[in-house]
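Read through the structure below, which is laid out as structure tokens, and then see the notes.
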Amino acid sequence: MIRTLFALLIATFALTAHAAVDINKASQAELETIKGIGPSMSGRMLDERKKGAFKDWPDMVTRVKGIGQGNAGKFAADGLTVNGSGFKPELLASSKPATRTDKKHPVDASVETPAARK
């Protein structure tokens with residue numbers, strides 16, 4: 001009997017530990033239950049939410065400083081949602097403008113370099 005009660009208690013705790021937390025409805029304490037979200041991050045989230053509800057993940061990532069695709073994925077895996085929706089990386093990729101992928105920048109011929117001065 002005690003084993004069954006103990007198992008039920010552990011199962012209940014496990015289910016509530018990964019309960020969804022919607023960024024548009026959660027309190028600061030609820031946001032901080034998400035691994036990686038501390039007082040500073042939850043404060044930034046709440047400050048941005050005061051300006052208007054987050055429409056979707058790309059909106060939230062754009063508006064809250066310090067959240068990129070990596071953090072968004074981690075937060076979602078731990079139960080954070082935006083308007084009840086889970087994180088989909090392809091949404092962020094399609095919402096951002098194209099960026100350079102190469103590390104080298106072309107040299108502008110009109111700019112005089114120290115080597116050209118010699």
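The values are calculated or read from the model by the stated rules, or taken from the named source; none is laboratory data. Given the structure is predicted, the values throughout are model-derived calculations rather than measurements. All Cβ positions, glycine included, derive from the backbone under ideal geometry; neighbour counts span all protein chains shown. The protein model used for the area step is the full one, side chains on, heavy atoms only, and it has no ligands, DNA or RNA in it. Shrake-Rupley method; radii C 1.70, N 1.55, O 1.52, S 1.80 Å.
Would the stretch 48-88 count as rounded, prolate or oblate if I go by the C-alpha gyration tensor, calling it rounded below 1.5 in a/c and otherwise prolate when a/b exceeds b/c, oblate otherwise? It would help to have the intermediate numbers written out before the result.
Working: a/c = 2.02, a/b = 1.31, b/c = 1.54.
Since a/c reaches 1.5 but b/c is at least a/b, the shape of the stretch 48-88 is classed as oblate.
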*What residues have an amide H closer than 5 Å to that of Val21, excluding those fewer than 5 places away on the same chain, when H is modeled at 1.01 Å from N in the peptide plane?*
Leu80, Thr81
*For labels at Glu90 and Asp78 in the simple 7 Å Cα→Cβ model, what's the distance in nm?*
2.7
*How big is the accessible area of Arg44 in square angstrom, nearest 10, if you roll a 1.4 angstrom probe over the protein chains?*
80
